[in-house]
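Okay, so here's the structure we're looking at.
Throughout, read-outs are computed from the coordinates displayed, never taken from laboratory work. Computed from a prediction, not measured in an experiment: that's the story for all the values here. FYI the Cβ positions are ideal-geometry reconstructions off the backbone, even for glycines, and counts take in every protein chain you see.
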């Protein structure tokens, strides 16, 4: 992601946050800033300047898993489109209305995955055409890279390729907040930290809140006045430290 793309994403997230945030921020005052300034500068409706540093709550290992999942899905599609015409016709006869899911070993590389595409498609082409649902599991020609292929006929045009999910790995909360606490910023106003979630694989809510609370106990040693965790998927503020004054509203002074 380029710096421009990152800034645009941060503005998008922040504007969504502002709609439910109790700080009464003037939407027209929101500006993107470059380091060493915090990511966002804005003004409350009462005229008080504020700055926000933005961070995404996701660990780098999970990001790599997401990337390889999408790359694999695209590569499977390209392999299918590149089949010799007679093979592609046979494949379409069998799987035009099929959902095909591939369960790869989590640690397998793209090169390893591509190397077994040929064998996987050969096996699929050899399966009986009338079967509406079946599973190919632990085939020696596919192991250890590809554990399972699941096929289910649908009413939708296809074939549709899916690569199984990457799973929850580690709670990124502690690292993401701590990393920002260790940085310095140039600002002439109070700075707040907005950590956002835009995926569904968070750990248990109590678990990540506990991690956030433990890190935030050191907030006085950071550049931040307050830490927010915002769930973009649910459009919900799920954590604030220190807690809001009055429980539901936060004074901007």
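Here are the numbers:
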| read-out | value |
| --- | --- |
| Highest-MSF residue in the chain out of 181, 104, 117 [GNM, Cα springs under 10 Å] | 117 |
| Computed E for residue 46/residue 19 - FRET, C-beta separation, R0 22 angstrom, nearest 0.05 | 0.75 |
| Residue order, fewest to most surrounding Cβ atoms within 10 angstrom, among 81, 194, 244 | 81, 244, 194 |
| Gained length - residue 29 relative to residue 131, 0.36 nm times residue gap less alpha-carbon distance | 30.7 nm |
| Residue-span extension gain [residue 206 to residue 5] - 0.36 nm each, minus C-alpha spacing | 69.1 nm |
| Helix-only CD estimate at 222 nm, as mean residue ellipticity for the chain, using -39500 (n - 2.57) per DSSP H run (n ≥ 4) | -11000 deg cm²/dmol |
| Simple label model, 7 Å out from Cα along Cβ direction - residue 152 to residue 123, nm | 1.9 nm |
| Selected from 122, 86, 27 as most flexible by GNM, with the chain as the system and alpha-carbon contacts under 10 Å | 86 |
| Most fluctuating residue given options 24, 236, 186, as computed from a GNM of the chain linking Cα atoms under 10 Å | 186 |
| Quotient of Cα Rg and 2.2 N^0.38 Å for the chain, N being how many residues it contains | 1.33 |
| 99, 208 arranged by Cβ crowding within 10 Å, fewest neighbours leading | 99, 208 |
| Over the range 31-159 - Rg/Rh using Cα atoms and the Kirkwood inverse-distance radius | 1.26 |
| Sorted by Cβ neighbour density within 10 Å, fewest at the top, the residues 115, 180, 73 | 115, 73, 180 |
| Degrees separating the helix 3-20 axis from the principal Cα axis of the chain, which is the longest one | 70 degrees |
| Potential extension, residue 198-residue 90 segment - 0.36 nm per residue separation minus Cα distance | 34.9 nm |
| The chain: angle of helix 85-95 to the longest principal axis, Cα-based, in degrees nearest 10 | 70 degrees |
| Cα-based helix-to-principal-axis angle, 60-81 vs the chain, degrees rounded to 10 | 30 degrees |
